[in-house]
Amino acid sequence: MPPDPLPQQLADISELLGRMCTVVAGALQRATCALLEGRERLAQQVVAGDAQVDALRAQVEGIATDALLFHAPVAGDLRRVVSAIRSAGDVERMGDLALHVAEAAGRGRPLPAEVHADFAEMARLAVDLAVKAAEVARTRNVVLAVELDTDDDAMDALHAHMFGVLMADGWSHGVPAAVDITLLARYYERFADHAVTVARETVYAVTGREPDAIPI
Amino acid sequence: MRDAYQEQLDDLADGLAGMCAQVARAMEKATRSLLEVDLQLAEEVISDDVRVDEIRATAEEKAFALLALQAPVATDLRIVVSAIHGAGDIERMGDLALHVAQAARRRHPQPVLPDEIKPYFAEMGRVGVQLAIKAGDVIRSRDLAAAAQLESDDDAMDDLHRHMFSVLMDRNWSHGVGPAVDIALLARFYERYADHAVAVARRIVYVVTGRMPGPLTV
């Protein structure tokens with residue numbers, strides 16, 4: 001079978017990357033529900049669903065490698081292919097982090113009620129970032145891509161706030177809960193970081209420059 | 001005589017192997033800064049991290065030039081694609097060494113680690129640094145047996161990581177929440193560092209065989 005023409009491959013790659021972001025957004029959403037509501041079946045579903053993300057990543061890499069092999073793209077098209085290969089790695093990692101949240105939910109050590117609202121908010125920010133990253137991947141909208149950086153600041157602030165809560169003298173839930181919360185907060189923060197990276201890769205693919213150099 | 005193209009490919013591999021050596025040194029110093037409460041060492045790691053980022057940028061430029069000008073196929077294409085992935089992994093290893101150094105700096109002059117925890121981190125540091133050095137060797141040699149060796153070395157890191165958590169979660173833990181939070185994150189940094197080294201070696205397996213080894217469990 002002859003390879004698809006390059007424009008078709010590029011469109012397929014964008015679509016698949018978008019789908020990957022949407023899938024991991026859903027996974028983190030469900031993992032968070034499982035975590036906050038103690039729903040172990042839901043946690044198991046997230047764990048089982050991670051293979052889909054890995055398969056999508058393999059598909060992106062397969063098409064990207066074919067594009068390099070058969071069409072030897074240059075300039076903007078080459079950047080687009082390479083940035084897709086890198087982005088697919090980031091989104092796969094987001095899937096792994098959602099999986100870690102689900103695994104924590106399945107461990108049957110519920111989080112103290114006083115941190116539920118913070119985790120709900122971290123999840124909302126992270127899922128939002130992944131949904132936006134999906135749109136950026138599909139539409140290659142550079143303005144939206146730059147917005148993600150600002151959204152991520154809210155996540156960083158919340159992440160820092162969590163440590164403040166744990167280190168405060170009034171913390172009464174003991175060390176195991178503090179360790180769980182430390183790692184979980186890190187998973188959300190890393191998830192958000194990878195979403196930002198996906199958006200930055202898109203800016204780079206479209207403009208040939210890192211987002212910091214874009215006057216928006 | 002080797003042609004210019006082959007030289008470019010070797011140059012790319014050399015750049016990545018050098019990057020592994022750089023992040024191995026960074027983790028070695030970061031671990032010492034943590035264990036010996038040495039602020040100056042921590043600062044060195046923190047200021048040297050831009051060098052890793054620079055080597056990555058250079059490696060990526062080389063990879064792009066190869067793709068654009070030589071349109072490599074087969075094994076050569078796999079080398080270039082793997083180099084792009086590898087550069088990302090190794091840069092991340094540098095970031096993780098940086099995080100360890102930042103933890104040492106943040107608590108200075110207080111030690112981050114209680115004395116009885118230090119041996120575990122000395123060992124995690126040793127295993128991590130060895131993995132980075134071995135990953136660099138594998139990039140140069142493309143030796144599949146050496147690549148497989150990284151996976152079993154990583155099991156030692158996973159065991160240490162798991163053990164660290166059982167220590168923290170034990171009811172006899174007497175150092176309170178603050179150190180436990182620091183240690184939980186630090187142990188994770190070492191474990192992730194090792195995972196990225198293994199990922200680099202796995203990419204080399206893909207270069208040589210055209211197939212990725214089974215899924216990496218993270």
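A short reminder: the numbers here are calculations on the coordinates, not readings from a lab. Just so you know, these numbers come straight off a predicted model, no measurement behind them. Using ideal geometry, Cβ is built from the backbone for each residue, glycine included, and neighbour counts are taken over all protein chains shown.
List of remarks:
- Adding -39500 (n - 2.57) for every DSSP H run of four residues or longer, then dividing by how many residues the protein assembly as shown holds, sets the calculated 222 nm ellipticity at -30000 deg cm²/dmol.
- In the range B:55-204 the Cα-Cα distances spread across 10 Å bins starting at 0 as 11, 35, 28, 17, 8, 2, 0 percent of all pairs.
- Under a Gaussian network description of chain A, with springs only between Cα atoms under 10 Å, the residue in A:A72, A:A105, A:A27 that fluctuates furthest is A:A72.
- In terms of surrounding Cβ atoms within a 10 Å radius of their Cβ, B:R202, B:R106 rank from fewest to most as B:R106, B:R202.
- Low-density loop cleavage sites - trypsin sites (Lys or Arg not before Pro) in the range A:85-148, where at most 13 other Cβ are within 10 Å (DSSP): A:R107
- Of the residues A:A55, A:A27, A:F163, the one whose Cα sits farthest towards the positive end of the charge dipole of chain A is A:A55 (charges of +1 on Lys and Arg Cβ, -1 on Asp and Glu Cβ, taken about the Cα centre).
- The range B:88-137: C-alpha gyration tensor shape, a/c 1.5 cut-off, then a/b vs b/c: oblate
- Relative contact order of chain A: 29 percent, from C-alpha pairs under 8 Å at least 6 residues apart in sequence.
- Choice from A:D180, A:D169, A:D152 with maximal GNM fluctuation in chain A (Cα, 10 Å cutoff): A:D169
- The ranking of A:T22, A:T139, A:T182 from fewest to most other beta carbons within 10 Å of each one's beta carbon is A:T139, A:T22, A:T182.
- For the protein assembly as shown, diffusion coefficient by Stokes-Einstein and Kirkwood Rh (Cα), 4 °C, 1.567 mPa s, µm²/s: 58
- Ascending count of other beta-carbon atoms within 10 Å, so fewest first, for B:D3, B:D158: B:D3, B:D158
- Relative contact order of chain B, pairs being alpha-carbon contacts under 8 Å that are 6 or more residues apart, as %: 29
- Shown here: the range B:40-105, whose C-alpha atoms stretch 47, 15, 10 Å along the first, second and third principal axes, sorted largest to smallest.
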